[in-house]
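Only one structure is covered here, and it is reproduced in the block below.
The values are calculated or read from the model by the stated rules, or taken from the named source; none is laboratory data. Every value quoted in this text rests on a predicted model; they were computed, and no experiment measured them. Cβ atoms come from the backbone with ideal geometry, glycine included; neighbour counts cover every protein chain shown. Quick note on the areas: whole protein, heavy atoms, side chains included, nothing else; ligands and nucleic acids left out. Shrake-Rupley method; radii C 1.70, N 1.55, O 1.52, S 1.80 Å.
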Amino acid sequence: KKGYVMRKCCFDANYKKTPFGKRSWKMFYCTLRDLVLYLHKDEHGFRKNQMSDNLHNAIRLHHALATKAADYTKKQHVFRLQTADQAEYLFQTSDSKELQSWVDTINLV
Ligand code: I3P
């Protein structure tokens with residue numbers, strides 16, 4: 001699965017609150033492959049398989065959990081991703097179908 005999403009970092013590993021100034025929403029071209037969610041700057045970054053993208057923006061999905069973020073009311077179509085190392089992110093998708101599709105895909109890997 002691939003597509004553009006908005007991402008907000010809430011907690012870094014070990015449930016450490018993401019520092020102020022690093023909690024803003026950012027757009028990424030997201031791809032899922034081999035239990036890893038890669039966040040590329042854009043589709044070009046994905047095609048070129050840009051190293052800088054891969055090193056800094058890969059989220060391991062083994063033992064991760066995606067759930068609809070019903071408690072986050074500032075934006076629509078948002079899901080929460082909690083990882084095995086206890087990091088937490090919010091992802092905004094384009095509509096409810098996309099939201100469900102990302103959640104299902106992530107939880108099935
Ligand atoms: C963050 C940015 C986010 C906001 C976050 C701010 O500031 O304004 O949009 O999250 O609030 O810290 P910065 O750009 O300086 O990182 P919301 O959109 O969810 O309000 P937070 O501190 O409550 O996470």
| request: Could I have the simple spin-label model distance between Gln76 and Leu108, label points 7 Å from Cα toward Cβ, reported in nm to one decimal? | output: 2.5
| note | For His63 the rounded accessible area (nearest 10 Å², probe 1.4 Å, non-protein molecules ignored) is 150
| said: Can you give me the solvent accessible area of Asp71 with a 1.4 Å probe, rounded to the nearest 10 Å²? | reply: 110
| note | About its Cα centre, the chain carries a charge dipole, from +1 on Lys and Arg Cβ atoms and -1 on Asp and Glu Cβ atoms, whose size in debye to the nearest 20 is 280
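Counting helices only, and only those DSSP H runs with n ≥ 4, report the 222 nm mean residue ellipticity of the chain as the sum of -39,500 (n - 2.57) divided by its residues, in deg cm²/dmol to the nearest 500.
Working: 3 runs with 24 residues, N = 109.
My calculation for the chain gives -6000 deg cm²/dmol from helical runs alone.
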| field | Potential lengthening between Lys16 and Asp85 on full extension [0.36 nm per residue; Cα-Cα distance subtracted] | value | 23.8 nm
| field | Simple label model, 7 Å out from Cα along Cβ direction - Trp25 to His44, nm | value | 2.4
| message | What whole-number distance in Å separates the alpha-carbon centres of region 7-32 and region 69-87? | response | 11
